[in-house]
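Presented below is the structure to which this report refers.
Read the figures in this text as sums done on the coordinates, not as results from a lab. Quick caveat, the model's predicted, so the values are computed rather than measured. For neighbour counting, all protein chains shown are included, and Cβ atoms are generated from backbone atoms with ideal geometry for every residue, glycine included.
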Amino acid sequence: MFEDICCDMNNILSRGTKNTTTGRTELLRLIQQGQWDAATIRARSLPLEVSEWYVEKYEMESCNAVPLASSGSDNAMVAGHMLMERLLPLHLACEMNAPFDVVRTLLEVYPEAAMMREYGQGCTPLVLACASPPTAQQNSGALQPMAGRPSKTKENSAQSQQANTISLLLSYYPRSILTANNLGQLPIHVACAGNLGVEVVRVLLDAWKIEIDSIRQDHENGRLQQNSLQHQNKVTSSGNWGCLEQKDKDGNIPLHLLCAIDTINLDTLSLLLSRAPHTVTLRNYAGKTAADIVDAGWCGNKMGVLALLKKDTIYWRLNYQQAYGYGVSPQNFAEETNDEEDVELNSKSDLLKYIERFDLASKDKSIEQSVVHFLKSHPEESKIFYCMKDGDGTTWRRFLPLHLALEKKLGFQCVLSLLNAYPESIKKQDQNGQLPLHIACENSVSYEIFAELFRRNKDAVTEVDSWGMTW
């Protein structure tokens, strides 16, 4: 950060300037050199240095000040002075991925630092902590070995420590999760661009939801100030995961930034998609979706990434609900899905897997009991068509759990449970245009099942399938 100087200022500086700095304390030097133990001791013994700003500016020998708008830079020029840098020790510590204990000490001594922005890019300490991937030697203060990369265990440990540091910063200033830098990037944008890993991204997403819920509660109780009400309404209007839809100055959402790196973390990608699967269709200001960015880039795991980006929305809403602990609950899914709207999934649901295991010849009744029991807690899966398509998009296999149950000749209680869970399934056709009654007759089911199907849809006796045949 000390070395960041905008190139568009070269002509101005060449007129004759002198550099002045203030706040170059011993604490700042120790942090810059990574002397973490010494920095911790210094912060506790001389707390004033923790709250002292480092300021770097150029004094213009010319008396004419150049206004900000004409300079084309974020650097301000006021009364012959051009401010280049302004930061606290906490900003530098977060940018350098300082150990957890160092950050905690700086926050304990000067808690207000958590809400302060540095001058260069307008970053809070949280944004800076998300700006670069953790490394084992930075977090431990130890020297890097001469050869070889850190082991997977060390990398995971470093990521966990960085997640703890980010959680600590959020505990001091929770609203920093909503604070973007001068590029319009929230902490989640910066974390995805830096490939910080799924653990850090999960912490940020959970913090966003908690803060959004808090804002809504404050709004309902009338505790929001009028001057911040409009901003907070904008933040909360897009739902619990609005941060995944928010665009930076280039129109990029977090998913776009993640897909622009060389090796994309598939766990992080799955996490983003499971929270906001519709974002795969969003485009940046260059007109590119996430898939377009991956396809045009040098991603080392391109095929795996594109496969995830092409998954159905319903796949993320159901299959990753249990793994990540969020999404649409089984109890709410049936209520949210319109019975007249067919829901398709290109991978088999758990219910279908249970039904597939049934073998009539084995006379094993445990599978049927499992199906009935599973439907009591997951009735929504009775609505999902398993759909397989060719490369050109032609559907060659499409059926509901009820269709498969009749084909496999499951017992009456199973069929009845499927019908009760999704009554409209009695009128749904498979890929051959066959209704449940057609499949029942073709597979010679029991009279009890046939009678129930007929009772629920008597018109099916005159319906024809794709081959022009009735039951």
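Order 106-114, 399-407, 368-376 from most to least packed using the mean count of other Cβ atoms within 10 Å.
Averaged packing, sorted descending, gives the order 399-407, 106-114, 368-376.
Calculate one ³J(HN,Hα) per residue across region 247-263 by plugging θ = phi - 60° into the Karplus curve 6.51 cos²θ - 1.76 cosθ + 1.60, and present them in order as whole Hz with x for glycine and proline.
The phi angles translate into 9, 7, 5, 9, x, 8, 8, x, 4, 4, 5, 5, 6, 8, 8, 5, 10 Hz.
Once the piece of chain linking Arg24 and Ser45 is laid out straight, how much longer is it, given 0.36 nm per residue of separation minus the C-alpha distance between them? Could you put the intermediate results ahead of the total?
On the way: separation 21, 0.36 × 21 = 7.56 nm, distance 1.70 nm.
Answer, rounded to one decimal: 5.9 nm.
To the nearest 0.05, what FRET efficiency results for Gln413 and Glu108 with a Förster distance of 41 Å applied to their C-beta separation? Write down the numbers at each step before the final one.
Numbers: r = 63 Å, r/R0 = 1.54.
Working from the Cβ atoms, E equals 0.05.
Quick one: which residues, 5 or more positions from Glu85 or on another chain, have an amide H under 5 Å from its amide H? H modelled 1.01 Å from N in the peptide plane, none for Pro or chain starts.
When sequence neighbours closer than 5 places are left aside, the close amide H contacts are Glu56.
Among 118-130, 34-46, 157-169, 417-429, what's the highest-first ranking by average C-beta atoms within 10 angstrom per residue? Kindly include the intermediate steps, with their values, before the conclusion.
Values: 118-130: 25.5, 34-46: 17.5, 157-169: 20.6, 417-429: 19.0.
Per-residue Cβ counts within 10 Å, averaged per peptide and sorted highest first, yield 118-130, 157-169, 417-429, 34-46.
Can you run phi through the Karplus equation (6.51, -1.76, 1.60; θ = phi - 60°) for region 175-191 and list ³J(HN,Hα) in whole Hz, with x for Gly and Pro?
Karplus-based 3J(HN,Hα) across region 175-191 equals 6, 5, 5, 9, 9, 8, 8, 5, 8, x, 9, 7, x, 5, 4, 5, 5 Hz.
Compute the distance in nm between two label points, each set 7 Å from the Cα along the Cα-to-Cβ direction, one at Asp101 and one at Ser214.
2.8 nm
Report the gain in length on full extension from Gln369 to Thr179: 0.36 nm times residue separation, minus Cα-Cα distance, nm rounded to one decimal.
Numbers: separation 190, 0.36 × 190 = 68.40 nm, distance 5.24 nm.
Extending this stretch completely gives an extra 63.2 nm.
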